[in-house]
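Following: one structure in structure tokens, then a few remarks.
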Amino acid sequence: MYQKGVKHLCDNGLTQVPNKYILPEPDRPHSLVVDGCIDLPVIDFAQLQGANRPRVLESIARACQEFGFFQLINHSIGDETIGKMIDVSTRFFELPFEERQRYMSSDLHAPVRYGTSFNQNNDQVFCWRDFLKLSCQPMQDFASFWPSSPLDLREAVGVYSTKTRQLYETMMEAILESLGVMNNSAIYEGGNQLMMVNWYPACPQPQLTLGLPPHSDYSLLTLLLQDQVAGLQIQHNGKWVTVKPVPNSFVVNIGDQFEILSNGRYKSVVHRVAVNSERSRLSVASLHSLDINQNVTPSAILIDDSNPRLYRDTNFADFLDYISSSDFKCKRFLESRKLHSI
Ligand SMILES: O=C(O)CCC(=O)C(=O)O
Ligand SMILES: [Fe+2]
């Protein structure tokens, strides 16, 4: 019954968190280890386009080194596109269960997948999240698989994914430039784009469970849209800190593939999601990575005698194999790609 998702469970009335979702004591989101809200470094996309570019690139480098995350403002994706994406996603999760169930699949490679928890095939303890995962790139291959209800979903996802894709390419160019890696559009053109729409229902005992367990993203880069309900927490200086939502901005974070590409200069930082008893929360993560079988390799110009190569080549298919074969937690996939001299 837990396989049907948290929304389904809550719709049937719930005053306590079932055992299936109760984390062992040390894994719970204790308020003691949470160091309050932080303002992530803010990067002004508009400034990146003009004479201030060198200064903005320095701020990007600092943000990527210190946090692995930043807030992107003035990013040129209109409020209307963002508003529609949030609205249509919310309406998807409000559809009757039978309608959502049509997209349920335990196949990690399915182009459209409605599911629950983190990896419901393997998780011992479930997390307090339902999701809709949509493959987006190349769009002509995938759009016909996207849910046909709500009626305006395909159009909203089409516009939103095209615009986030363009923004991703511009940000990749800038982030690589901040590392001194120039003229490398071949790395990020084409590639894979997955839209992960996350729904975290309000939870009667939020201190016992998590919306998502600690993990790093496998992507090169993730562009995250969150609504106004706080929940995202990142590891910073050994503590969990909550990221304050900024309206109409994107939270941009470095993924495992970028950590490898940068030979460890920029780290893919572990994050998790806390839930709350007051409000449900929606987020849309646009995960951008290389094509499924395309290897990511540390950039040659970031390797020399004093900076030896730190990672072996890997690809997205390896990651999917990894998460289907083990109880995937934290950064263990990336750890498994490290060359053992470090
Ligand atoms: O909901 C969030 O704020 C984060 C989602 C996330 O980390 C993910 O989808 O990988
Ligand atoms: Fe994530």
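The values are calculated or read from the model by the stated rules, or taken from the named source; none is laboratory data. All values reported here derive from a predicted model rather than from experimental measurement. In this analysis, Cβ positions are derived from the backbone assuming ideal geometry, glycine residues included, and neighbour counts consider all displayed protein chains. What goes into the accessible areas is simple: the full protein's heavy atoms, side chains included, and nothing from ligands, DNA or RNA. Shrake-Rupley method; radii C 1.70, N 1.55, O 1.52, S 1.80 Å.
Starting from the stretch 74-94, take each residue that is within 27 Å of residue 7 (Cβ to Cβ) and list its partners that are open to solvent by 20 Å² or more (accessible area, probe 1.4 Å) and of a type in the set (Phe, Trp, Tyr), counting only C-beta distances under 7 angstrom and pairs at least six apart or across chains. Taking only residues 6 or more apart or on different chains, the pairs are 93/199.
Among the residues of the stretch 198-215, those that are near ligand 1 (Cβ under 9 Å from one of its atoms) and not aromatic (Phe, Trp, Tyr) comprise 198, 211, 212, 215. Specify which of the listed residues (197, 159, 181) is assigned to a strand (DSSP E or B) and either surrounded by fewer than 19 Cβ atoms within 10 Å (Cβ to Cβ) or among the hydrophobic types (A, V, I, L, M, F, W, C) (or both). Residue meeting the stated conditions: 197.
Evaluate the following for residue 133: is it outside any loop (DSSP other than H, G, I, E, B), touching a strand residue (DSSP E or B) at 6+ places or on another chain (Cβ under 6 Å), open to solvent by 10 Å² or more (accessible area, probe 1.4 Å) and not small (Gly, Ala, Ser)?
On the way: outside any loop (DSSP other than H, G, I, E, B): yes; touching a strand residue (DSSP E or B) at 6+ places or on another chain (Cβ under 6 Å): yes; open to solvent by 10 Å² or more (accessible area, probe 1.4 Å): yes; not small (Gly, Ala, Ser): yes.
Judged against the criteria, residue 133 is a match.
Checking 71, 47 one by one, the residue that is assigned to a strand (DSSP E or B) and among the polar types (S, T, N, Q) is 71 and no other.
When the residues of the stretch 271-312 are filtered to those that are charged (D, E, K, R) and open to solvent by less than 60 Å² (accessible area, probe 1.4 Å), which remaining residue is nearest to residue 191 (Cα to Cα)?
The first filter runs over the stretch 271-312 and keeps only residues charged (D, E, K, R), leaving 272, 278-279, 281, 291, 304-305, 309, 312.
Then drop every residue that is not open to solvent by less than 60 Å² (accessible area, probe 1.4 Å), which leaves 272, 281.
On the way: 272: 26, 281: 29 Å.
Only one residue tops the list, namely 272.
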